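Visitor: Have a look at this one.
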Number of protein chains: 2
Amino acid sequence: MDSETQSFETLISNNLSGRDLEEFNRIYFGRRDNHEVRVKESSAAAAREANFEIAAYAFPAKKEHTRPPRIVKVGIIQHSIPAPTDLPINDQKTAILEKVKKIIDVAGQEGVNILCFQELWNMPFAFCTREKQPWCEFAESAEEGQTTRFLRELAVKYAMVIVSSILERDEAHADILWNTAVVISDTGNVIGKHRKNHIPRVGDFNESNYYMEGNTGHPVFATRYGKIAINICFGRHHPLNWMMFGLNGADIVFNPSATIAADAGSEYMWNIEARNAAITNCYFTAAINRVGYEQFPNEFTSADGQPAHKDLGLFYGSSYFCGPDGVRCPGLSRNKDGLLIGVLDLNQNRQIRDRRCYYMTQRLPMYVESLSKVVELDYKPQVVHEKDGK
Amino acid sequence: MDSETQSFETLISNNLSGRDLEEFNRIYFGRRDNHEVRVKESSAAAAREANFEIAAYAFPAKKEHTRPPRIVKVGIIQHSIPAPTDLPINDQKTAILEKVKKIIDVAGQEGVNILCFQELWNMPFAFCTREKQPWCEFAESAEEGQTTRFLRELAVKYAMVIVSSILERDEAHADILWNTAVVISDTGNVIGKHRKNHIPRVGDFNESNYYMEGNTGHPVFATRYGKIAINICFGRHHPLNWMMFGLNGADIVFNPSATIAADAGSEYMWNIEARNAAITNCYFTAAINRVGYEQFPNEFTSADGQPAHKDLGLFYGSSYFCGPDGVRCPGLSRNKDGLLIGVLDLNQNRQIRDRRCYYMTQRLPMYVESLSKVVELDYKPQVVHEKDGK
């Protein structure tokens, strides 16, 4: 783990300086100055003590004549699992909750308004194993489970909206499982939940063996601090998933993920997809990935001809925010727990949308008509052959 | 112009080496080795002589049991305008054709199968002026105009499919104008044409004063070398435009563009959008931008409070290819003409689509239903308020 590159950003800052670094920042991040925001000394000290990274960046908007600024502090947390996966399920979960509580406390002290964790943050990402036991025992009621109860208390304490991605046990519907994001209000109430719309079938991501495509549509949650939505992990490859959240009015779309750096992994796409979504929909996105290695008791295979093994390889962290103009901030590290804070002026969304007109020019009625034809079983693609054009 | 950064890639290669450079390449481009392909010495010499850059990169696929490789050589050309914009229209156009012919000849000698230019390659990008005369005189018949005739000859000579983005004069429909890509077969026939679907209304891009949204749908052109489509410039901000070309079966989608580096420009998004399209649709994309400065006779304003001026700022070139897995090659420079060649094995598209299942998991029928509701005038967004969730 020590031999791992710390982050893409350190590759650059260790080697570039002066005008080259400015040009890199302009072309890569979209701005020469990252608008770093200082955190409290007590927060920095707590982060050192608990061995996690902390950083904050601002995304300002222009002043408007008719609206005050709508500044919201958003926190995202990436963390590794602290306990071995052969401990009893409850012990594993408690260890995670205890560890992450230290980061939540710092977020609370920094005045974070909305907080989101990585995908299935309260458990190891055990779907690589294809084993149903004991992993399914991590599942909980979205409304009344241990994790939601734990977070309700913190949400009230810090007047914080919390987005918690868990394995849901749907007790009202014959105990089936879902991959679900629970949105907890600053009042401690569950505002609602969203179930993952797109489920992977690739490599070690055997999630389709555990739960089905979500049945909750594309809800946007009206919180005290802004309208938010959650595009869970694999949904980031699906532009229509992102778009429906935008059309429903989301100011910020979180992408809690679990994705790996392995050879057939996603690391080089991590900067692309949540950013493209921000650009095309003119809203803020927050991309959050797990971090570290997770070792499982039994061997599994990855359907790639390689020998059986017991871990998925590195979850590369690198969580970041992107503005509605596509400008992003530096990400967290590839191999360490972290809290990243974005100070977002949500007024920027409409300013960019008015300027660029991407939604206004999207010609939705044309696409409704085209896609209605595509889904017909006898669809004939629009292909032009040479004889037609002569 | 000499003070301009030569390219994003040179910022890196001038400063990083060894393992840091490898890690940069892995995380940024998606592969440690760029698979550079050597061009002929005669091509390199011709490029030096005519002062343009030339580079080639391979995008291999795995061997299959049931299909031979489908390797196609694709060329993209970026170029600046060689003549002042106050010359007679015909002289300006002839100067461009003569200049670019030297690059086409090299592409032909390199065995390029499919060639595409930047947007409206045979004229300056004069829409910033909002002046109708003399710029509308650059318009031509797609089938019979000077530029198409010029290219037909070269297409036959080099057995090359050529995609030519021009200002079209639609003589069969009352002489109106379109922004049109003409696809010329290796036989010299015009296979067909596609008209730009999404027209910008932002900053200096006053194109909506000149032509309307295209009426040709999302055609894919079945050429001898593969199925191709063209997403013209501003359409790259529209994921549904990219998607319809994919659903119609495109192997390669070209994005001929004209876009600038200015403060409110697009340079930091250039690596994002054509790449995201390649990823989400599992096809090859080729992003092509104009290069250089274009000075106009009369002042114009940019609706940004800045003083009137006579040029748009730098068109930053940086043209590149991206594979269906999201792996890209280094781009051409920011300030020089260039020919970039991609040696693409089109078999990779289906291999990636089978592996990642993005189309299989895209749930189109759900989105047809959702979007059908969105386009209704009385659409009620799916917003969850706290009271609902208690």
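Visitor: Dipole size in debye (nearest 20) for the stretch B:100-232 around its Cα centre, Lys and Arg Cβ +1, Asp and Glu Cβ -1?
Guide: Result for the stretch B:100-232 is approximately 300 debye, rounded to the nearest 20.
Visitor: Evaluate the relative contact order of the stretch B:81-228 (contact order divided by residue number), counting alpha-carbon pairs under 8 angstrom at least 6 apart; express in whole percent.
Guide: Answer for the stretch B:81-228 is 20 percent.
Visitor: Next question, about the same structure. Take the cross-link list B:LYS227/B:LYS310; A:LYS132/A:LYS193; B:LYS101/B:LYS227; A:LYS40/A:LYS336 and give me the ones stretching past 29 Å between alpha-carbons. Walk me through the intermediate numbers first.
Guide: Numbers: B:LYS227/B:LYS310 40 Å; A:LYS132/A:LYS193 24 Å; B:LYS101/B:LYS227 25 Å; A:LYS40/A:LYS336 20 Å.
Correct reply: B:LYS227/B:LYS310.
Visitor: When a/c reaches 1.5 or more, the comparison of a/b and b/c decides; with that in mind, is the stretch B:246-386 rounded, prolate or oblate per its Cα gyration tensor?
Guide: Oblate, because a/c is 1.5 or more while a/b does not exceed b/c.
Visitor: Then there is this: Between B:LEU87 and B:THR10, what is the FRET efficiency for a Förster distance of 35 Å, r being their Cβ-Cβ separation, to the nearest 0.05?
Guide: Once the sixth-power term is evaluated, E becomes 0.55.
Visitor: Inside 10 Å of the C-beta atoms of A:23-36, what's the mean count of C-beta atoms belonging to other chains?
Guide: Working: counts 6, 5, 1, 6, 12, 7, 1, 5, 2, 0, 0, 0, 0, 0.
That average works out to 3.
Visitor: A follow-up question, please. Decide, for the stretch B:282-327, between rounded, prolate and oblate: order the square roots of the alpha carbon gyration tensor eigenvalues as a ≥ b ≥ c, take rounded if a/c falls under 1.5, and otherwise choose prolate if a/b is larger than b/c, else oblate. Present the calculation step by step, with values, prior to reporting the outcome.
Guide: Values: a/c = 4.89, a/b = 2.87, b/c = 1.70.
The shape class here is prolate.
Visitor: Let me ask another. Computed from the mean reciprocal separation of all distinct C-alpha pairs, what Kirkwood hydrodynamic radius does chain A have, in Å?
Guide: Computed over Cα pairs of chain A, the Kirkwood hydrodynamic radius comes out at 21.8 Å.
Visitor: Of the peptides A:284-296, B:298-310, how do they stack up when ordered by the mean number of other Cβ atoms within 10 Å, highest first?
Guide: A:284-296, B:298-310
Visitor: Also, quick follow-up: Of the beta bridges DSSP finds with both residues in chain A, what % are antiparallel, to the nearest 5?
Guide: 60 percent
Visitor: Compute the relative contact order of the stretch B:24-85 as a whole-number percentage, counting only Cα pairs closer than 8 Å that sit 6 or more residues apart in sequence.
Guide: The normalised contact order for the stretch B:24-85 reaches 25 percent.
Visitor: Pick out which of A:GLU153, A:GLU143, A:GLU98 has the largest mean-square fluctuation in a Gaussian network model of chain A, springs linking Cα atoms closer than 10 Å.
Guide: Judging by the Gaussian network model, the answer is A:GLU98.
Visitor: So for the stretch A:96-225: antiparallel DSSP bridges make up what percent, rounded to the nearest 5?
Guide: Expressed as a percentage, antiparallel bridges in the stretch A:96-225 total about 80.
Visitor: Follow-up. Distance from the Cα centre of the stretch A:136-180 to that of the stretch B:275-334, in angstrom?
Guide: Rounded to whole Å, the Cα centres lie 45 Å apart.
Visitor: Moving on to the next point. Every other copy gets compared here: list the nm distances from the B:ASP86 label point (7 Å along Cα to Cβ) to its counterparts, shortest first, one decimal.
Guide: 8.3
Visitor: Using a 10 Å cut-off around each Cβ of peptide A:215-222, what is the average number of partner chain Cβ atoms that fall inside?
Guide: That average works out to 4.
Visitor: Where does the charge balance sit around B:PRO256 when Lys and Arg score +1, Asp and Glu -1, over other residues with C-beta under 12 Å from its C-beta?
Guide: Here the charged neighbours net out to +2.
Visitor: Let me ask another. Considering only DSSP beta bridges where both residues belong to the protein assembly as shown, give the percentage that are antiparallel (nearest 5).
Guide: Values: 72 of 124 bridges.
Taking every DSSP beta bridge with both residues in the protein assembly as shown, the antiparallel ones total about 60 percent.
Visitor: Please work out whether the protein assembly as shown counts as rounded, prolate or oblate from its C-alpha gyration tensor, where a ≥ b ≥ c are the square roots of the eigenvalues and a/c under 1.5 means rounded, while otherwise a/b larger than b/c means prolate and anything else oblate?
Guide: prolate
Visitor: Where does each of A:130-136, A:64-70 land if you order them by average Cβ count within 10 Å, highest first?
Guide: Those peptides, ordered most packed to least, come out A:130-136, A:64-70.
Visitor: Which FRET efficiency, nearest 0.05, do B:ASP354 and A:ARG38 yield, Cβ-Cβ r, R0 56 Å?
Guide: After rounding to 0.05, the efficiency reads 0.70.
Visitor: Over all residues in A:198-208, what is the mean tally of Cβ atoms on other chains that come within 10 Å of each residue's Cβ?
Guide: That average works out to 2.
Visitor: Ok, one more. Starting from a label point 7 Å past Cα on the Cβ side, list the distances from B:GLU299 to the same position in the other copies, nm, shortest first.
Guide: Inter-copy label distances (nm, one decimal, shortest first): 7.7.
Visitor: While we're looking at this one, here's another question. One decimal, nm, shortest first: give the distances between the label point of A:TYR379 and those of the same position in the other copies, each label point 7 Å from Cα along Cα→Cβ.
Guide: Here A:TYR379 shows inter-copy label distances of 1.9 nm.
Visitor: Please report A:LEU177, A:LEU151 as a ranked list, fewest other C-beta atoms within 10 angstrom at the top and most at the bottom.
Guide: Fewest to most other Cβ atoms nearby, the residues stand as A:LEU177, A:LEU151.
Visitor: Along the charge dipole of chain B, which of B:GLN78, B:HIS65, B:PRO307 sits closest to the positive end, that is, farthest toward it, with unit charges on the beta carbon of Lys, Arg, Asp and Glu (+1, +1, -1, -1)?
Guide: Farthest along the dipole direction, towards plus: B:HIS65.
Visitor: Then there's this: Can you sort B:ASP86, A:ASP251 by how many other beta carbons sit within 10 Å, fewest first?
Guide: If I rank by nearby Cβ atoms, fewest first, I get B:ASP86, A:ASP251.
Visitor: Report, in deg cm²/dmol and to the nearest 500, the calculated mean residue ellipticity at 222 nm for chain B, where each DSSP H run with n ≥ 4 adds -39500 (n - 2.57) and the sum is divided by the residue count.
Guide: For chain B, the value works out to -8000 deg cm²/dmol.
Just so you know, all these numbers are worked out from the coordinates, no wet-lab data involved. These numbers were taken from a predicted model, which means no experiment stands behind them. All Cβ positions, glycine included, derive from the backbone under ideal geometry; neighbour counts span all protein chains shown.
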